[in-house]
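Beneath this line is the structure, given in structure tokens, with notes to follow.
The values are calculated or read from the model by the stated rules, or taken from the named source; none is laboratory data. Just so it is clear, the structure is predicted and the values come from calculations on it, not from any experiment. In this analysis, Cβ positions are derived from the backbone assuming ideal geometry, glycine residues included, and neighbour counts consider all displayed protein chains.
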Amino acid sequence: MIWQRDYYGATKTNWVLTIILLCLTMSIILVQYVAAGVFCFFGVITFMQMLYFKQVGQKLTLLNNKKRSRMLKGGQSNWELTFENKGLPIWNGQLRIYFQDAVKPLVNLHVGHSQLIEIVVPLTIGRNEVLTVKIPIEGQKRGLSRLKQLELTVPHLFGEGSVALVHKPLLLMEQMVYPRMYPLKNVRKASPLKPGDSEYKHSLFQDLFSPVGTRDYEPADQFHHIHWKASARMQKLQTKVFTQVANESALLVLNVENRYSIIADLEERIEEIASFVDYFYREGIPFALTVNVRSFGVTPYLYLPIGDGQKQRQKAMELLSILSKNDNTIPFNRMLSHLVMHENLPVSVVIFTHDVNEMASYVAKWSNNIHVNIRLNQNLGGEIGWKNQPLQGR
């Protein structure tokens, strides 16, 4: 059963029908045919109304396809509810929708219940009709908003009372609000000692499939790098010049634990990391992300393996969007220890934390091979800047 039906005012309707039948019987006994006709008319209307409310909505279906829309905080989207009615028409219905408060409706006709928002919209749909109801919404805060409940109220056509249809299957539509992001500058850290795909003029490695020009031949040049057409044109030997490339990858590490609770500035920290994620995506830099929030699986904490491109950005933003102050955490040093044992660290590690004491030994060891950047405090507004804390001397 798709809809759970609740009747309001059905007892009154039954009493009205009973009274009409008694009056009709008395009119016939007293040979008052005009009165009997009137009572018969009202009796038919009341009976048809009772029959209507027993059948209405039985063939009304919601196209409940799984869909997740994404937006930034302050961005706009729509809840789109498509109904198909193959049964009796519905007139003057009221559609009551409940959803989580990560988004808010652009109309003011809503009521908040703790972390839920309730909104009521009119609904009229005929027989064999497909109708799409669009509710404009706006991203209010970082998080995931799900449709929690859907209720359709159909009022009695004559008199008081109504029938309420509550949608029983789980609603699969979601709205995800990404955290706010800020522009970043000068955060690229390439390694000239490791080959990769990023252009870096001080690198020792070249991309042999990406020539950028020629220069005069030198005795130390390799023979197969000679550009023969350019040499014939210049009347002297010319050597191909290739793009210098280096490994430029990063690991973003977030510590959300503060003793036995979540850090107070969780939102600000998430916005910092989201800014780095967006920057790495735009610059084409591969990155990984890890948070010391307990997870089930091979990795006991939230971990996004290294990758790049739109898919990687989307996965990282979704991971950041669902973080909550109600999450269970694991000790930060345990996560760092597991990272050292099970993962190959990239050339750059950016750590967002409020306490450097518990990770000093790890950072001192990592700093011999990779670039480690500790982010402790922030200056929001336009460009973000953090103070680097050198730990080698600790």
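Flag: Leu152 matches the condition of being crowded, with 19+ Cβ neighbours inside 10 Å, in contact with a His (Cβ under 9 Å, 6 or more places away or on another chain) and not hydroxyl-bearing (Ser, Thr, Tyr).
Could you check segment 44-100 and list, in sequence order, the residues that are modelled with pLDDT under 90, aromatic (Phe, Trp, Tyr) and either within 30 Å of Gln140 (Cα to Cα) or in a strand (DSSP E or B) (or both)? The one that is modelled with pLDDT under 90, aromatic (Phe, Trp, Tyr) and either within 30 Å of Gln140 (Cα to Cα) or in a strand (DSSP E or B) (or both): Trp91. Does Ile117 satisfy the condition of being closer than 30 Å to Lys315 by Cβ and either among the β-branched types (Val, Ile, Thr) or at pLDDT below 75 (or both)? Against the criterion (closer than 30 Å to Lys315 by Cβ and either among the β-branched types (Val, Ile, Thr) or at pLDDT below 75 (or both)), Ile117 qualifies.
Residue pairs whose Cβ atoms lie under 8 Å apart, separated by 6 or more positions or on different chains, with the first residue in segment 116-129 and on the phi > 0 side of the Ramachandran plot and the second surrounded by 17 or more Cβ atoms within 10 Å (Cβ to Cβ) and outside any loop (DSSP other than H, G, I, E, B), are Asn128/Asn85. The single condition among (1) part of a helix (DSSP H, G or I); (2) of a type in the set (A, V, I, L, M, F, W, C); (3) modelled with pLDDT of 90 or more that Met341 does not satisfy is (3).
Evaluation of Leu289 against the conditions (1) touching a strand residue (DSSP E or B) at 6+ places or on another chain (Cβ under 7 Å); (2) among the aliphatic types (A, V, I, L, M); (3) within 25 Å of Gln100 (Cβ to Cβ); (4) part of a helix (DSSP H, G or I) shows that the sole unmet condition is (4).
For segment 219-228, the criterion of being modelled with pLDDT under 70 and surrounded by fewer than 19 Cβ atoms within 10 Å (Cβ to Cβ) is satisfied by at least one residue.
Residue-wise test of (1) of a type in the set (Phe, Trp, Tyr); (2) more than 16 Å from Leu289 (Cβ to Cβ); (3) crowded, with 17+ Cβ neighbours inside 10 Å.
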position: Asn328; (1), (2), (3): no, yes, no
position: Val340; (1), (2), (3): no, yes, no
position: Glu343; (1), (2), (3): no, no, no
position: Pro346; (1), (2), (3): no, no, yes
position: Val350; (1), (2), (3): no, no, yes
position: Thr353; (1), (2), (3): no, no, yes
position: Ser367; (1), (2), (3): no, yes, no
position: Leu376; (1), (2), (3): no, yes, no
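Does Leu304 satisfy the criteria of being within 23 Å of Glu174 (Cα to Cα), in the same structural domain as Ile370 (by TED's automatic domain parsing) and assigned to a strand (DSSP E or B)? For Leu304, the condition - within 23 Å of Glu174 (Cα to Cα), in the same structural domain as Ile370 (by TED's automatic domain parsing) and assigned to a strand (DSSP E or B) - is met.
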